[in-house]
1. Using the heavy atoms of the protein chains alone and a 1.4 angstrom probe, what is the accessible area of the chain per residue in square angstrom?
2. Using a Förster distance of 25 angstrom, determine the FRET efficiency expected from the C-beta separation of residue 22 and residue 97, and round it to 0.05.
3. Can you give the accessible area of residue 127 in Å² (nearest 10), computed on protein heavy atoms with a 1.4 Å probe?
4. Got a number for carbon plus sulfur as a percent of the chain's accessible area, 1.4 Å probe?
5. Rank by packing, highest mean first: peptides 102-112, 49-59, 75-85, 4-14, with packing defined as the count of other Cβ atoms within 10 Å averaged across residues.
6. Apply the a/c threshold of 1.5 to the C-alpha gyration tensor of region 84-131 and tell me whether it is rounded, prolate or oblate.
7. If the chain between residue 126 and residue 33 were fully stretched, how many nm would it gain, using 0.36 nm times the residue separation less the Cα-Cα distance?
8. Roughly how many nanometres apart are two label points built 7 Å out from the Cα toward the Cβ at residue 40 and residue 110?
Amino acid sequence: MPVIFVSDTQRRAVARVRRMIRGVNQAVSETLEVPPNTVWVRYDPGAPELYGEGTAGRVPKEGRPVFVFVWMTEGRDAKRLQGLYRAISGAVAKAFDMFPDFVWTRIEEFPPDRVGQGAQSYAEIRKQKKR
């Protein structure tokens, strides 16, 4: 159940955003070997006038980053997690025609009893599926 939030620092054409969402979904599902329908991707468009770096706050359009936050339950090996950085930055960069180095990714994992759907934690849901 990876949930990916892509937070941009500028506005993008809807077609590019849709391409990015599909690309990130595919990259994550392939890297983690999970079905695509279990990977959720959400995009938040940026407002360039509300983003800045340093004291001057001016950043050229081509240098503005995209921030990606991945939340998922724990339990994957380190090698697979490391693969997510390349997969996600590559998918975003390709869709937005930018350098992968301008994609910043943070991966957060948590125990399955710390996230839920409806009235049950994922730990409880998983137990029911095993029966």
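1. Accessible area per residue: 64 Å².
2. Working: r = 16 Å, r/R0 = 0.62.
So the FRET efficiency works out to roughly 0.95.
3. Only protein atoms counted, so the area is about 130 Å².
4. Of the solvent-accessible surface of the chain, carbon and sulfur hold 52 percent.
5. On the way: 102-112: 14.8, 49-59: 10.0, 75-85: 13.0, 4-14: 16.6.
Final packing ranking: 4-14, 102-112, 75-85, 49-59.
6. Since a/c reaches 1.5 and a/b is larger than b/c, the shape of region 84-131 is classed as prolate.
7. Contour length minus the Cα-Cα distance gives 31.7 nm.
8. 1.2
The values are calculated or read from the model by the stated rules, or taken from the named source; none is laboratory data. A quick note: this is a predicted structure, and the numbers were derived from the prediction, not measured. Neighbour counts are summed over all protein chains in view; Cβ atoms, including those assigned to glycine, are modelled from backbone coordinates with ideal geometry. Heavy atoms of the whole protein, side chains included, go into the accessibility calculation; ligands, DNA and RNA do not. Shrake-Rupley method; radii C 1.70, N 1.55, O 1.52, S 1.80 Å.
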